[in-house]
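Before any comments, here is the structure.
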Amino acid sequence: MSDANNELPAPTPAPSGGQTDSPSPTSSTPPSPPSAAPFASPTPSSTSSIPPPPPDSAPVEVRDAYWLEHVYCAEKMPQLTLRAAVFGGFIGILACASALYTTLKIGWGFCVNITACIIAFAVFNSLRNLSRGRIREMGILENGAMSSIANVTGLTPSHTAVGVFGGLMLLDATQGSVVHGQMPWYYMMLTMLFSAALGTLIAIPLKRAVINKEQLKFPSSIALAETMRTLYANGVEALAKARCLFFGIAVGAILGVWKALPDLGGVVKNVFNAEWLDTFATQVALPQLVEFRGPLNPLNWWRLPGRPVEYGFDISLLLVGAGMIIGLRVSLSMLGTALLLNCVVLPVLVMHDHANGVFHLPLSDAQTLALAASHYTPDLEAAVVGGEPIYKVFKWSLWCGTAVLVMSGITSLALQWPMLLRAVRGVFTKKDSGTAADPLAALEVPLSWCVWGTAGCAVCLVLTLWAAFDIAPYLGLVAVALSFLTGLICTRSSGEADVNPVGAMGKVSQLLYSVLPGARGNANINLITAGVTATSGASAADLVADMKLGRLLGMNPRKQFWSQIIGVCVGTVVAVPVWMLLVPDAKALDTYNPPTAIMWKTVAEFLTNANSALPDSVKIAMVVGALVGIALPVLEKLFPARRLWVPSSMGVGLAMVLPQNIPNALAFSLGAVLMWFWQKKAPVHNDKYGVPLASGFVAGESLAAAFIAIAMTLMLQWPNIEKWLTE
């Protein structure tokens, strides 16, 4: 998921960020680690004569030699082929559009490893059958390389684009080449490319330390390896999963188009004067929101005027599918927090505003309504729709929610202090002079690539930040140094706890830049440099997790490295135009109400101007949010057996940040409850088809919505395009 950029208990291999902080579809119940060499061939019979692996206490050279002899099979099976790169790039392009849209809407993107593997398996098996064997199926190693390219292409851009570029738009930043939040496309591309490439290069020495030497588990990678083995061991089941996935994509896409018809019809009407199409689209469209009125509206219980316009149910398979993936704990935490916020906190704040004279005259007076809507009230911001005030409670609660998310991430990281200590100690551990030569020297990525590549990327990144954002070179060097630390911590956390804390590390970076000379007091520099650091750290953890998958499957590490580089390059080239079409200006960005961008912007503003004129209730809410953010991870640590009963800090914080918290939380919870009920009633059936169906819902609706948003942008620009073509 992502910045999503906050940690999620993810049920499928990633993730993200997730975003990464993004969810990973099977890691909630990862299988036991497989035996040392089950992946040397898709058929398990070939493993019968393999001797048992050496113990963990054996020297790393002995374990590497065993892996090379009994597990490594990249010399016998194709891995990074041209068709794997092309097909992975194609799936990645679709995933990029999907990830950018979902990150804009709900705060994180979903990994596509499993989705890409299933699609590739089904497509190439179908091509083999149609061609009567002239086109061979995609082997397990080739599929692994393809899925890596697709996943990196899809998720790498969302780390930077939504958080950094979206945050700059919300700040209305003017810094260097950035004017009112807008920046040249080439600087966007260079910033994204060098940040992600730097993280990929940082991962080279980390892989040898945490995989070869320490053998960290990386539960999501183990789960993905097991899933791929199952695909190739049972082709009939794999094709059934593929059909379920494609069904979910089709249904999600139809719903996405159906909901977007009014917006699309309005643009067509204005650009091409097709009024009949706009009328038709408005009549047949599915409503975006089923609004709750009467006794279902909690403001009526308090007999207060007005209503929160977002109080209802969001008809969205994207959100239902997301709830199916992330599970009951996060979803119900979101719903409980949203209900508390709207049913208890909001009425109290409304009464406080009335008591302080914000609505002094009768509410039926239209002039008073307009006056109230034009000012930031003591607590709430209000707008006027249909003659009644609509209270935007998320503009108040986002401060509290951001405090929850930031402090919970930092607390979770601090509670892993033994892991942090091992990470730092591992950097200074020297190799014994008497150890044997490295048996994998010919396969591993040379450390010289890391040294020279990192130096080159660092110089290019510093120069880009200087030219594009007018950031002093020494601050750029600090960003490079922090990228090493972020990559180190994110990698080890992913390996030990299956959580990529890139969100927390990004906020720690923002805190550091808020006190550095040259960055202190500048929200723009704070946001940009911390975003670069987070992107690099997430990319490093992504590659090392991918290398763990390769270790299990017997893949060539150098070819995996090149798969990651291909994904970074394709993702960068694709993400910038997709981003500019999805978000052509700040007005378009406002329509998404992007939680990730809002959080990054809010933290940057607060750290650079903590004494800003915020309502007293907001300051109290921030303190409460920080305490809640600290308490929840501590309770999870103290009572691990009761963890499922402790509210999720991610769910609590996200419910406060999302503009449509009630509709989104209801849709998430519906998906989570359906998945839980399905698992209880038909666990075998659910294990086979639950994640593919949920992934299809997410991918289908997000792709349809993203493509419609892009199409509308192109239609609005059609007069300029037509003029350019005729000149």
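The values are calculated or read from the model by the stated rules, or taken from the named source; none is laboratory data. All values derive from a computational prediction rather than experimental measurement. Here the Cβ positions follow ideal geometry from the backbone for every residue, glycine too, while neighbour counts run over all protein chains shown.
Considering only residues in region 512-553 that are in contact with a Leu (Cβ under 7 Å, 6 or more places away or on another chain) and in a loop (DSSP other than H, G, I, E, B), the one that is modelled with the highest pLDDT turns out to be Leu516. I'm trying to understand the selection: among the residues of region 66-112, which are among the aliphatic types (A, V, I, L, M), assigned to a loop (DSSP other than H, G, I, E, B) and under 18 Å from Ala322 (Cβ atoms)? Selection gives Val112 alone. In a residue-by-residue description of region 318-337, the property of being at pLDDT below 80, part of a helix (DSSP H, G or I), surrounded by fewer than 19 Cβ atoms within 10 Å (Cβ to Cβ) and not polar (S, T, N, Q) applies to no position.
The residue that is nearest to Ser539 (Cα to Cα), among those in region 163-194 that are of a type in the set (A, V, I, L, M) and in a loop (DSSP other than H, G, I, E, B), is Met183.
Residues of region 677-710 that are aromatic (Phe, Trp, Tyr) and surrounded by 23 or more Cβ atoms within 10 Å (Cβ to Cβ): Phe697 alone.
Could you say which residue among Ser126, Ser98 is among the polar types (S, T, N, Q) and surrounded by fewer than 24 Cβ atoms within 10 Å (Cβ to Cβ)?
On the way: Ser98 fails: surrounded by fewer than 24 Cβ atoms within 10 Å (Cβ to Cβ).
From the options Ser126, Ser98, the qualifying one is Ser126.
Identify, from the list Ala285, Ala383, Ala370, the residue that is touching a helix residue (DSSP H, G or I) at 6+ places or on another chain (Cβ under 8 Å) and modelled with pLDDT under 55.
On the way: Ala285 fails: modelled with pLDDT under 55; Ala370 fails: touching a helix residue (DSSP H, G or I) at 6+ places or on another chain (Cβ under 8 Å).
From the options Ala285, Ala383, Ala370, the qualifying one is Ala383.
Each residue in region 208-227 was checked for being in a loop (DSSP other than H, G, I, E, B) and either modelled with pLDDT of 80 or more or not aliphatic (A, V, I, L, M) (or both), and 4 of them qualify.
Could you tell me which of the residues Arg63, Arg136, Arg128, Arg132 is touching a Pro at 6+ places or on another chain (Cβ under 6 Å) and of a type in the set (Lys, Arg)? Unique residue meeting the criteria: Arg63.
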